[in-house]
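Contents: one structure, followed by commentary.
The values are calculated or read from the model by the stated rules, or taken from the named source; none is laboratory data. Model, not experiment: these values are computed from the prediction. Note: ideal-geometry Cβ built from the backbone for every residue, glycine included; neighbour counts use all protein chains shown. Heavy atoms of the whole protein, side chains included, go into the accessibility calculation; ligands, DNA and RNA do not. Shrake-Rupley method; radii C 1.70, N 1.55, O 1.52, S 1.80 Å.
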Amino acid sequence: MPRSVSGVEMRKRQAAHIEAPPPAPGQPRPNACCLCWCGCCKCLWTEDRIERSERQTCTTMDSIEAEEQQPTLDEALSWARSFELMLRSLGGREVFREFLRSEYSEDNLLFWLACEELRKETDPSVVEEKSRIIYEDYVSILSPKEVSLDSRVREGINLTLAEPSNLMYEEAQFQIYTLMHRDSFPRFLNSSVYRDLLANKRHTCLET
């Protein structure tokens, strides 16, 4: 009988994915003291052209349209071609969230969505309140919903806490976006959650 994946194991897997040296050329950053839960890790950070493209995609999503209707078969099929299209769809986010919940990584999506909401704010008092909530919920090492960020990004966030802005989590948001895109999304497309959704949509189309 296959052993189920625990939340702790999934966090370790994601942390290893983030902390692994990227394949891009250039010298890695030297080791630095880490503020994450493990106490010490490597701060390695380079960005290749693909990462720059993904950053642009992530940070230019100024709004996400909420759709009341259930996704159509064509829409659900389009998610396999574009991670961004899935995130823009309310139905896509809900199905992806269901899958992430089964892998104990739902908080990655919730953090990304909270950052999207913060980026829309212009009222300084609201920005300050929302940025504090995001920190306490997803960045603090004391939070049970802490997301996996490398030490360099965490240090940058800590330096902006005194004067928060609506873009203070931009780099952290991109890092979690990349993690979901490269790590979680391929497994989602092969999961029973997504396959069952497509099967149900095809069945509905045949009935009509």
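Tabulated results
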| read-out | value |
| --- | --- |
| Ile157 being modelled with pLDDT of 95 or more, within 27 Å of Leu77 (Cβ to Cβ), open to solvent by less than 50 Å² (accessible area, probe 1.4 Å) and not in a loop (DSSP other than H, G, I, E, B) | no |
| Positions within the range 117-127 being part of a helix (DSSP H, G or I) and open to solvent by 40 Å² or more (accessible area, probe 1.4 Å), in sequence order | Glu117, Arg119, Lys120, Pro124, Ser125, Val126 |
| Options Val127, Val153, Val147: the member that is in contact with a Pro (Cβ under 8 Å, 6 or more places away or on another chain) and of a type in the set (Val, Ile, Thr) | Val127 |
| Residues (assigned to a helix (DSSP H, G or I) and without any contact (Cβ under 8 Å) to a residue 40 or more places away in the chain) located in the range 87-108 | Leu87, Arg88, Leu90, Gly91, Gly92, Arg93, Glu94, Arg97, Arg101, Glu106 |
| Selection within the range 128-149 - in contact with a Phe, Trp or Tyr (Cβ under 7 Å, 6 or more places away or on another chain) and surrounded by 14 or more Cβ atoms within 10 Å (Cβ to Cβ) | Ile134, Tyr138, Lys145, Glu146, Val147 |
